[in-house]
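What follows draws every value from the coordinates through simple rules; no lab data is involved. Quick caveat, the model's predicted, so the values are computed rather than measured. Neighbour counts run over all protein chains shown; Cβ positions are idealised from the backbone, glycine included.
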Amino acid sequence: MSTGPNLLRLSGLKKSFPSPDGGRKPIIDVPDFSLAAGEHVALRGESGSGKTTFLNLISGILAPDSGSILIGDADMAALGEHSRDRLRGSSIGYIFQTFNLLQGYTCLENVLLGMTFGGHADRAQAQALLGRVGLSHRLDHTPRQLSSGQQQRVALARALAKRPKLVLADEPTGNLDHGNAREALKLVRETCLETGAALLLVSHDPEVLGSFQNVRDFAELNLVLKEGAS
């Protein structure tokens, strides 16, 4: 796979949360990490290791305590909340482990709304993507009318529909059966290749990780985990 200049570059990234004793519990301490344009990387890590927090920092959902998060020429960490939302909407597709679908909207509307944040909603493209994940017959169903696996497939379509520069995937096959998991992962990889998007996927599933040539251990990136293991 051909890659270009760095699309994502992290430096000195730290995040902690309040602890019951009144102090701060470090969760993320990543001195350096980069992802080239068009590059596909999987991060191996167990549940509770901080992988979701790591992705939430990259996407601007959380603000770091310190450090920089360069996406192209923009530093996500230096932006205010509104500007972070705009950068995420224009450049990042996020496949959430917990779906984050809007319950009062149909499958098609969820995908179209995701595209709106990217600046352009294309109904035909949204329908085509939902068809690729096997949901052509569920366009007018709301999330509560779908199984967890079907909701995950809507989340996949929503993240990919706006053709983002960077796709973040948090255990994207965790709620799918074996066959649908394989097809969903294939869709993510193929769509990223078609659009030239970089892909950063986190998982603890050996089969998912085995489909990537570039697999990195999250515990090797995050000094909090390295220090905890020492």
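Overview of results
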item	result
Computed label-point distance, nm, for sites His137 and Asp32 using a 7 Å Cα→Cβ extension	5.4 nm
Those residues of segment 155-178 whose amide nitrogen sits under 11 Å from the label point placed on Ala128, 7 Å along Cα→Cβ	none
Relative pair counts by distance (%), Cα atoms of segment 6-229, 10 Å bins	8, 34, 36, 19, 3, 0
Candidates Leu146, Leu57, Leu166: whichever shows maximal mean-square fluctuation once the chain is modelled as a Gaussian network with Cα springs under 10 Å	Leu146
Glu46-Lys25 pseudo-label distance in nm [points 7 Å out on the Cα-to-Cβ vector]	1.5 nm
Amide N of segment 168-196 lying under 11 Å from the label point, which is placed 7 angstrom from the Cα of Ser147 along Cα→Cβ	176-181
Calculated from backbone phi, Karplus (6.51, -1.76, 1.60) coupling profile of segment 120-133 in Hz, x at Gly/Pro	7, 9, 10, 4, 5, 5, 4, 5, 5, 5, 5, x, 5, 9
Interchain or long-range residues, amide H under 5 Å from Val167's placed H	Gly93, Ala198, Leu199, Leu200
Share, in percent, of DSSP beta bridges within segment 6-229 that are antiparallel, nearest 5	50 percent
Computed label-point distance, nm, for sites His178 and Asp217 using a 7 Å Cα→Cβ extension	2.8 nm
Lysine pairs within the chain, Cα separation less than 19 Å, 8 or more sequence positions apart or different chains	11
Residues in segment 59-74 that a label on Ser90 would reach, taking backbone N under 13 Å of a point 7 Å out along Cα→Cβ	71-74
Pairwise centroid distance, computed over Cα atoms, of segment 105-129 with segment 192-218, Å	25 Å
